């Protein structure tokens, strides 16, 4: 019986430079012990054991349950909330525009 021994979810690593931060995606992987007793490190793009058994369904199931958000999501949502506060409805826009005449 095939068994999952270990797994690491995909994640972003932040690489700081002198002028910015780079976000580098590191793919997740799954360590699987196959029916042939071979242990393989598999990923979404490499799902076949050395014996030829394809473990795609198992690997995809494990990795799909480990979704990580982008590191900048919280910052974006905070910015977006501030933008929404400054938006005017079309009716308000036309009323303010008519007052300029």
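Report, as a whole number in µm² per second, the diffusion coefficient that Stokes-Einstein gives for the range 15-64 at 20 °C and 1.002 mPa s using the Kirkwood radius over alpha carbon pairs.
Here the translational diffusion coefficient equals 172 µm²/s.
How do the peptides 49-61, 22-34 rank, highest first, by the average count of neighbouring beta carbon atoms within 10 Å per residue?
22-34, 49-61
Need one number: nm distance between label points at residue 70 and residue 21, each 7 Å from Cα along Cα→Cβ, rounded to one decimal.
For the pair residue 70/residue 21, the computed spacing is 1.3 nm.
Over the chain, what relative contact order in percent results from Cα pairs under 8 Å that are six or more residues apart?
This gives 21 percent for the chain.
For the pair residue 14 and residue 80, how long in nm is the line joining their label points, each one 7 Å along Cα→Cβ?
The modelled label-to-label distance comes out at 2.0 nm.
Less than 19 Å from a label point 7 Å out along the Cα-to-Cβ axis of residue 48: which backbone N atoms in the range 1-18 qualify, by residue?
Flagged as within label range: none.
I need two numbers for the chain: Rg to one decimal and Dmax as a whole number, Cα atoms only, in Å.
24.2, 82
Tell me what the chain gives for mean residue ellipticity at 222 nm when only DSSP H runs of n ≥ 4 count, each as -39,500 (n - 2.57), the sum divided by the residue total, rounded to 500 deg cm²/dmol.
-9500 deg cm²/dmol
Since every read-out is calculated from the coordinates, none of them should be taken as a lab result. These numbers were taken from a predicted model, which means no experiment stands behind them. So basically every Cβ, Gly included, is an ideal-geometry build from the backbone, and we count neighbours across all protein chains shown.
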